[in-house]
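The values are calculated or read from the model by the stated rules, or taken from the named source; none is laboratory data. In this text, all values refer to a predicted model and were calculated from it rather than measured experimentally. Counting neighbours? That spans all protein chains shown, and the Cβs are built from the backbone with ideal geometry, glycine included. Surface accessibility is based on the protein's heavy atoms, side chains included, excluding ligands, DNA and RNA. Shrake-Rupley method; radii C 1.70, N 1.55, O 1.52, S 1.80 Å.
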Amino acid sequence: MRLGIFGGTFDPIHLGHLVLAEQCLEQCPLDEVWFVPAAQPPHKLAATISPAKARCEMIEFAIAGNSAFRLNTIELNRTGPSFTVTTLEQLKADDPSRELFLLIGADSLRDLSHWREPARILELATIAAVNRGDRPLPDLSGLRASCGERVDNRIVTVTMPGIDLSATDIRRRVADGHRIRYLVPRAVEAYIHEQGLYRDRGNIHGEADNL
Ligand code: ATP
């Protein structure tokens, strides 16, 4: 099985994430995409992130009706920071016949050389680098320097329409009392309002400035 792994905070999942996953499914092509919410992303402050249960329920609502999309909670069942390399090792060990594809925004590709064990990540998975709109592909020289020339045949490029949206934008809009209709699936919008998520402005910025 050709399996796409899509990790993120998903606080909340939004249209940008869903279009990215669907385009990878078609263009790679993949049999399935698994959404893997991070427990404690190494670069974000845990205290500012919504509980895993809420993030998972929103993913479930968002992917309902797409038989190729699944939620996978592998990173939530581990303690400590969620390192991608550990997740890929575990998913490969569970079923060695899986061909893994790691779905990431092309803008994050530049950072891959700073992730834990980038060379091992490239052994375990093909990178599906998703380019938004007409942006040029990022410079891979840093990645080549740390992982060698094999980088070039371990990366496939996927394109998607540019959707200039982030989970931070959604949280900010909710905190400011603005509408989020069509930016997230209808059921996710209803869930956010029912649960009273993101009303507190203190949780808008997920980025840690001391990590
Ligand atoms: P936050 O604003 O909280 O940082 P985010 O919207 O960037 O969140 P994450 O869960 O951190 O979402 O990102 C998971 C992945 O989704 C990353 O690989 C990121 O590049 C990608 N991504 C996020 N927003 C978009 C978008 N609008 N279009 C395409 N890819 C996106």
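Please work out whether segment 108-211 counts as rounded, prolate or oblate from its C-alpha gyration tensor, where a ≥ b ≥ c are the square roots of the eigenvalues and a/c under 1.5 means rounded, while otherwise a/b larger than b/c means prolate and anything else oblate?
Because a/c hits 1.5 or more and a/b exceeds b/c, segment 108-211 counts as prolate.
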So how do 145-154, 53-62 stack up, highest first, on mean other-Cβ count within 10 Å? 53-62, 145-154
Can you tell me which of L103, L20, L91 moves the most in a GNM of the chain? Springs connect C-alpha atoms under 10 Å apart. L91
Cα gyration tensor shape for segment 1-42, rounded if a/c is under 1.5, else prolate or oblate: oblate
Report, by chain and number, residues whose modeled amide H sits under 5 Å from the one on V158, excluding near sequence neighbours (fewer than 5 apart, same chain). A129, V130, N131
Within segment 2-203, what whole-number % of the accessible surface is contributed by carbon and sulfur, with the 1.4 Å probe and all protein chains included in the calculation? 48
For the chain, built as a Gaussian network whose Cα springs stay under 10 Å, the top-fluctuating residue of R135, R110, R171: R135
By how many nm would the segment from E26 to R70 lengthen if fully extended, with 0.36 nm per residue of separation less the alpha-carbon distance? 14.3 nm
So what's the back-of-envelope 222 nm ellipticity for the chain, counting only DSSP H runs of four-plus at -39500 (n - 2.57) apiece and dividing by all residues, rounded to 500? -10000 deg cm²/dmol
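For segment 2-203, what is Rg from Cα atoms divided by 2.2 N^0.38 Å, rounded to two decimals?
Output field value: 1.01.
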